[in-house]
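Student: Before I ask anything, here is the structure I am working with.
The values are calculated or read from the model by the stated rules, or taken from the named source; none is laboratory data. Everything numeric in this text was worked out from a predicted model, so none of it was measured. All Cβ positions, even for glycine, are placed from backbone atoms using ideal geometry, and neighbour counts span all protein chains on display.
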Amino acid sequence: MSEATRPEGTTEARWIATAARVLRVPRREVVRSARRLRSRLFLIVQAAVGAGLAWWLATALLGHPLPFFAPVTAMVCLGLTYGNRVKRVVELTIGVAIGVAVGDLFVHVFGSGIWQIAAVAMVAMSLAVLAGAGQLLMLQAGIQGVIVATLVTGDGQALGRWLDAVVGGAVALVIAMLAPTSRLVRRPRNQAIQVLAHVAQVLGLTAQALRERDETLTSNALQQARALQGELDDLRDSATEGLAATSMSPLRRRYRVGVKAIDALVEPLDLAIRDVRVLVRRADVAIVGKEFVPETYIILVEDLAMATSHISDQLAIERVPTEAREDLVNLARSSTWSRNGAGLSAEVMRAQVRSTVVDLLVLTGMSRAEARKRVPPTRDDLDDDPEASESDD
């Protein structure tokens, strides 16, 4: 459900409205901030648990009274998203450990001062690069070395602080591999269902606007169509994290096929959203410019909305949406013939319907080449190709 259509009486809507009034910011900013928090809450919880566990292990098992670098390393590592997470946790642990070791050893030998800080940063980052670190890991090595050289100097317990960093990294690695990932596995499918439902909603609103010649409705539809890109970006990120999570969690490998299937929907869904956005813009132009849009073209948009909704419903019950293919092919056939008097915007809309049909057929599991074959050529195409016209007869 989009922000514009969220029921005003729900607890969530009331909370959003209250927060917007208290903070004196637009309601959409509160919604966006809440969405960001919700999407990262699981990582925040993992980082917090990892910090506490790393501190406890370093104090209870190693006997270190102030194991500063154990929770710091765990939090830095667990703050990473799931893409290649295990590999990045290992690399980042190495980078932090290098920085801590270099900083502590250097301060133990040379003391602390301006030139020592610069030297520690340079040596730690250089060693990290030689170890194959990227820019993030290189900077972490330098940062940890500088922290040692400036904030925790004095006793020269280089090995102890290095071990604290290793403990923090080990805790992060275990949590990254064994943390529950069911939410990450379910989220891509739920988001794909939601995006498709919103696409259908935009198309339905556009058809209504065309029939009623209502500029306000097309303006709302266009605003919602533009918001779909943000939802798609969230879906893309969720699918990437879901794939990574199922790869590294032994308990979730069996879900990888399902997440991979959703990931395969992102590209055709992206193209469909772009086509729909163009369609809505041309509908707005047609209404503002008082262009003629045939009733049959409006029906095409309505049928496209219903087909999209059908695909969303099939995904919701975890089925490959092959049942929508027949409706889409029939829709493509209906879009073959132009109507006399149709304006330029109307013809562009008809073309976008046909393009969207191809994208949705790909969503049902067809290859793009097969999907294009299932969409018959337009009447103009046949007129331009006599052989095609004869074969059609």
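Student: Scan segment 186-197 for residues that are over 13 Å from the mean Cα position of the chain (by Cα) and surrounded by 23 or more Cβ atoms within 10 Å (Cβ to Cβ) and jot them down.
Tutor: Selection gives L196 alone.
Student: Among what's in segment 330-352 and is aliphatic (A, V, I, L, M) and within 19 Å of V199 (Cα to Cα), pick the residue that is surrounded by the most Cβ atoms within 10 Å (Cβ to Cβ). Reasoning before the result, please.
Tutor: Initially, segment 330-352 is screened for residues aliphatic (A, V, I, L, M), giving 331-332, 342, 344, 346, 348-349, 351.
Imposing the further condition that a residue be within 19 Å of V199 (Cα to Cα) reduces the set to 331-332, 348-349, 351.
On the way: L331: 23, A332: 20, V348: 17, M349: 28, A351: 16.
It comes out as M349.
Student: Moving on to the next point. Output yes when any residue across segment 259-282 is over 22 Å from M349 (Cβ atoms), of a type in the set (G, A, S) and touching a helix residue (DSSP H, G or I) at 6+ places or on another chain (Cβ under 8 Å), and no when none is. Please lay out each step first, then the result.
Tutor: At the first step, the residues of segment 259-282 found to be over 22 Å from M349 (Cβ atoms) are 259-267.
From what's left, of a type in the set (G, A, S): 261, 264.
Next, only the ones that are touching a helix residue (DSSP H, G or I) at 6+ places or on another chain (Cβ under 8 Å) stay: none.
Within segment 259-282, none of the residues are over 22 Å from M349 (Cβ atoms), of a type in the set (G, A, S) and touching a helix residue (DSSP H, G or I) at 6+ places or on another chain (Cβ under 8 Å).
Student: Are any of the residues in segment 162-173 surrounded by fewer than 24 Cβ atoms within 10 Å (Cβ to Cβ), free of Cβ contacts under 8 Å to residues at least 60 places away in the same chain and either in a helix (DSSP H, G or I) or under 20 Å from the mean Cα position of the chain (by Cα) (or both)?
Tutor: Pass one, segment 162-173, residues surrounded by fewer than 24 Cβ atoms within 10 Å (Cβ to Cβ): 162-163, 166, 170, 173.
Among the residues that remain, those that are also free of Cβ contacts under 8 Å to residues at least 60 places away in the same chain are: none.
Looking for residues that are surrounded by fewer than 24 Cβ atoms within 10 Å (Cβ to Cβ), free of Cβ contacts under 8 Å to residues at least 60 places away in the same chain and either in a helix (DSSP H, G or I) or under 20 Å from the mean Cα position of the chain (by Cα) (or both), one finds none in segment 162-173, hence no.
Student: Please go through segment 20-72 and give me each residue that is among the basic types (K, R) and at pLDDT 85 or above, ordered by number. Reasoning before the result, please.
Tutor: Initially, segment 20-72 is screened for residues among the basic types (K, R), giving 21, 24, 27-28, 32, 35-36, 38, 40.
None - no residue of segment 20-72 is among the basic types (K, R) and at pLDDT 85 or above, so the list stays empty.
Student: Does I193 fit the bill of being modelled with pLDDT under 95 and over 23 Å from D263 (Cβ atoms)?
Tutor: On the way: modelled with pLDDT under 95: yes; over 23 Å from D263 (Cβ atoms): no.
When the stated conditions are applied, I193 does not pass them.
Student: May I ask you to verify whether A346 is modelled with pLDDT of 85 or more and under 21 Å from S219 (Cβ atoms)? Let's see the steps before the verdict.
Tutor: Working: modelled with pLDDT of 85 or more: yes; under 21 Å from S219 (Cβ atoms): yes.
Against the criterion (modelled with pLDDT of 85 or more and under 21 Å from S219 (Cβ atoms)), A346 qualifies.
So that you can scan it fast, the table gives a plain yes or no per residue for (1) at pLDDT 95 or above; (2) within 29 Å of I94 (Cα to Cα); (3) in a helix (DSSP H, G or I):
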| residue | (1), (2), (3) |
| --- | --- |
| A176 | no, yes, yes |
| L184 | no, yes, yes |
| R187 | no, no, yes |
| T206 | yes, no, yes |
| Q224 | no, no, yes |
| G242 | no, yes, yes |
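Student: Something else about it: What about V293, is it within 16 Å of S345 (Cα to Cα), surrounded by fewer than 18 Cβ atoms within 10 Å (Cβ to Cβ), among the aliphatic types (A, V, I, L, M) and modelled with pLDDT under 95? Please lay out each step first, then the result.
Tutor: On the way: within 16 Å of S345 (Cα to Cα): yes; surrounded by fewer than 18 Cβ atoms within 10 Å (Cβ to Cβ): no; among the aliphatic types (A, V, I, L, M): yes; modelled with pLDDT under 95: yes.
For V293, the condition - within 16 Å of S345 (Cα to Cα), surrounded by fewer than 18 Cβ atoms within 10 Å (Cβ to Cβ), among the aliphatic types (A, V, I, L, M) and modelled with pLDDT under 95 - is not met.
Student: Continuing with the same structure: Tell me the residue from L304, L279, L300 that is part of a helix (DSSP H, G or I), of a type outside the set (D, E) and over 29 Å from the mean Cα position of the chain (by Cα), please.
Tutor: Within the list L304, L279, L300, the selection yields L300.
Student: Could you grab me the full set of residues in segment 249-276 that are within 30 Å of L173 (Cα to Cα), of a type in the set (A, V, I, L, M) and either at pLDDT 95 or above or not in a helix (DSSP H, G or I) (or both)? Spell out how you get there, then give the answer.
Tutor: Looking only at segment 249-276, we keep the residues that are within 30 Å of L173 (Cα to Cα), and these are 249-264, 266.
Now drop any that are not of a type in the set (A, V, I, L, M), which leaves 251, 257, 259, 261-262, 264, 266.
Answer for segment 249-276, where residues must be within 30 Å of L173 (Cα to Cα), of a type in the set (A, V, I, L, M) and either at pLDDT 95 or above or not in a helix (DSSP H, G or I) (or both): just A264.
Student: Considering segment 117-137 alone, what residues qualify as being surrounded by 19 or more Cβ atoms within 10 Å (Cβ to Cβ) and modelled with pLDDT of 80 or more?
Tutor: Taking segment 117-137 first, the residues surrounded by 19 or more Cβ atoms within 10 Å (Cβ to Cβ) are 120-121, 123-125, 127-128, 133, 137.
Residues satisfying the conditions are V120, A121, V123, A124, M125, L127, A128.
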